[in-house]
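Contents: one structure, followed by commentary.
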Amino acid sequence: MEGFVPWPTEFAQRYRQEGYWQDKTITEVMDESFERFASKPLLISAQSGRTYTYQEFGHLVNRLALHLKALGLKLYDRVILQIPNQPEVLLTYLAILKAGGIPIMALPPHQEAEIGYFAKLAEAKCLAISSTYRNTDKQQMAKNIMKEAPSLDMVLVTGGEPRQGFHSLDRLLADPIEERIDDCTMPRPDTDLPAVLQLSGGTTGISKLIPRTHNDYVYNFLCNADVCDLSQSSVMLMAIPQQHNFAIACPGFMGLAASGGCEVLSDLPSPQSALELIPKYQVTHWTAVPAMIIGMLNYPDRNQYDLRSLEMILTGGQKLNPEVAYRIRPELGCDVQQVLGMAEGPLLWTRRNDPDEVRFGTQGRPQSPADEFKIVDPATEIEVMPGEMGELWCRGPHTIRGYYRAPEHNAKAFSADGFYKSGDLVRLHPSGNIVVEGRLKDCINRGGEKISAEEIENHILANSQVNICACVAMPDPVLGEKVCVFVVLKPGKELTLAELNRFLLEERRIAKYKLPERLELLDTLPLTNVGKLNKVALRAAIAAKLE
Ligand code: OOB
């Protein structure tokens, strides 16, 4: 496939021989589960209360896949999936895969800027949306994007009357096409080719697309389900957008479905909502970013809720501070398993039986015996001594070898021998686990959501008041980090944070979670000795000011 970097043949052979790659499609693995656990509950919608058994869910996926095929979706067609956390997001995800398409895992808050970019870069054929999302008209967004992205000619809409030419997902799901057509066969994708396009955290410019193959992704979620001991008695609460790698595959919905468990899917990430859902559905596992855990720990009426069913919080996306980790057992009565994960594939987990110091004070060790990791000095690219800080590099059966359609970026982001350069600064703990200490990449980690500084800076520079600007992370007690922008205005110009954000939302049409939450006006920006913008000084300045 054009724009896709495969694993070299000798690695592919080894991963196959050693049993990591099974040459099954995601659809085949999910269909096995639908049959095996048929009458068990697979999914409960927290908002509607509706429960789907494995069998019912499988039928609906099959039906929707037949509709997609009838509407003209072909093998390897790209489909942008932007539905929020409601059952239709998972039904559509699996139906796209079953019809041979490749879902692009866009996030619900994304706007015209992001979705339009993915549509053009991947030449997407189809876009699946909810009619509105948090008061924005997504059908209008789709119409606008279609003018710019000629490949896009199919729009699927849930939760509202579709505009002319668009299709209602809700009607397709209710229409038993399987009863009236003879040919129910589906094209089978090559298991060595991309199954899903994930989004990168965006280290330079806008997100890159991450091609996850059937072989790599199936192994990824099966291995995760194993490391997290998921079983038929697991009930997992999921309030992180289902498109995130963490939520869909680490172990996420797919790891849970392969294990016979049940997911409680919620569109509300608030602590109060989690506190209500855990006792109501006897949740055993909660997939949460640290910001959600902090929210729960600090929730005033927490003791009114019975959390005894909760066994384990699976957490990652940003660093869980040890002070917070140590509060979990005494205050919430459950354990925590940390994951240092990346949409590019690498996954390091702490294990259930690690000692406290390791479970609470490290971010884990590789989940697969076939993973190769090293910690290098980013300047010399030579491995550092054990315990010293360096950049984490990874290679393995579920770590990609290149971004999709990004040869120039790939030359920088991967070593000559195929290691992914994570941009994370880590050190080796005496236990053999890894501790995250910082990062090289220029992004802001807002409650686990990654925001590329360069992407936001480029949008801000388009404002006619602005001369130069720099976005940096400022500390936040709950979210970890938020975006602070330093701006030097053009002579005689003025700008407030509210004006800037209105410009970013209305004229640049970017997702709301990326907006700066503080604006600092300066006469000049500080430079380093070599004349580069000194972001270290800016980060220190805003941190000191907030103190
Ligand atoms: C997950 O994936 P991404 O692609 O959104 O972000 C990856 C980056 C890492 O490179 C690191 O900078 C940061 O997020 N990160 C952590 C972390 N987990 C991720 N930093 C410190 N401690 C952790 N535990 O965020 C992701 C993917 C799969 C599972 C879980 C998270």
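Can you find, within the stretch 164-199, the residue that is nearest to the ligand (Cβ to nearest atom) among those that are of a type in the set (Ser, Thr, Tyr) and out of contact with any Asp or Glu (no Cβ under 7 Å at 6 or more places or on another chain)?
Start the filter on the stretch 164-199 by keeping residues that are of a type in the set (Ser, Thr, Tyr), which leaves 168, 185, 191.
Next, from what is left, pick out any that are out of contact with any Asp or Glu (no Cβ under 7 Å at 6 or more places or on another chain): 168, 185.
Working: SER168: 32, THR185: 34 Å.
Only one residue fits best here, namely SER168.
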Residue that is among the hydrophobic types (A, V, I, L, M, F, W, C), open to solvent by less than 10 Å² (accessible area, probe 1.4 Å), in contact with a strand residue (DSSP E or B) (Cβ under 9 Å, 6 or more places away or on another chain) and assigned to a loop (DSSP other than H, G, I, E, B), where the choices are ALA142, ALA128, ALA119, ALA124: ALA124
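For the stretch 272-296, how many residues are farther than 18 Å from ILE240 by Cβ and in contact (Cβ under 8 Å) with a residue 24 or more places away in the chain?
Result for the stretch 272-296: 2.
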Pair list, Cβ < 9 Å and 6+ apart or interchain, from the stretch 360-383 residues that are on the phi > 0 side of the Ramachandran plot to residues that are surrounded by fewer than 19 Cβ atoms within 10 Å (Cβ to Cβ) and small (Gly, Ala, Ser): GLU381/SER415
Residue check, ASP182 at positive phi, open to solvent by 10 Å² or more (accessible area, probe 1.4 Å) and acidic (Asp, Glu): no
Single residue of TYR403, TYR420 found to be within 30 Å of ASP354 (Cα to Cα) and either in the same structural domain as PRO322 (by TED's automatic domain parsing) or in contact with a strand residue (DSSP E or B) (Cβ under 6 Å, 6 or more places away or on another chain) (or both): TYR420
Among the residues listed as ALA343, ALA325, ALA379, the single one being aliphatic (A, V, I, L, M) and away from the ligand (no atom under 12 Å from the Cβ): ALA379
Selection count where residues are surrounded by fewer than 17 Cβ atoms within 10 Å (Cβ to Cβ) and within 16 Å of the ligand (Cβ to nearest atom), scope the stretch 306-322: 2
Among residues of the stretch 224-276, those that are in a strand (DSSP E or B) and either acidic (Asp, Glu) or within 16 Å of the ligand (Cβ to nearest atom) (or both), counted: 4
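Residues checked against (1) over 27 Å from PRO269 (Cβ atoms); (2) touching a helix residue (DSSP H, G or I) at 6+ places or on another chain (Cβ under 8 Å):
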{"position": "GLY438", "(1), (2)": "no, no"}
{"position": "LYS441", "(1), (2)": "no, no"}
{"position": "VAL466", "(1), (2)": "yes, yes"}
{"position": "LEU515", "(1), (2)": "no, yes"}
{"position": "GLU520", "(1), (2)": "yes, yes"}
{"position": "ALA543", "(1), (2)": "no, no"}
{"position": "GLU547", "(1), (2)": "yes, no"}
Residue list for the stretch 153-171, restricted to those being within 9 Å of CYS126 (Cβ to Cβ) and open to solvent by 10 Å² or more (accessible area, probe 1.4 Å): ASP153
Residue satisfying all of: in the stretch 1-42; open to solvent by 60 Å² or more (accessible area, probe 1.4 Å) and in contact with a Pro (Cβ under 9 Å, 6 or more places away or on another chain); nearest to HIS409 (Cα to Cα) among these: MET1
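Within the group GLN243, GLN232, which residue is of a type outside the set (Gly, Ala, Ser), open to solvent by less than 10 Å² (accessible area, probe 1.4 Å) and over 30 Å from GLN17 (Cβ atoms)?
GLN243 is the lone residue from the list that is of a type outside the set (Gly, Ala, Ser), open to solvent by less than 10 Å² (accessible area, probe 1.4 Å) and over 30 Å from GLN17 (Cβ atoms).
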Any chance PRO290 is within 16 Å of the ligand (Cβ to nearest atom), touching a helix residue (DSSP H, G or I) at 6+ places or on another chain (Cβ under 9 Å) and open to solvent by 10 Å² or more (accessible area, probe 1.4 Å): no
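The values are calculated or read from the model by the stated rules, or taken from the named source; none is laboratory data. Keep in mind that this is a model prediction, so the values were computed, not measured. Virtual Cβ from ideal backbone geometry, glycine too; neighbours counted across all protein chains shown. Accessible surface is based on the protein model in full, side chains and every heavy atom, while ligands, DNA and RNA are left aside. Shrake-Rupley method; radii C 1.70, N 1.55, O 1.52, S 1.80 Å.
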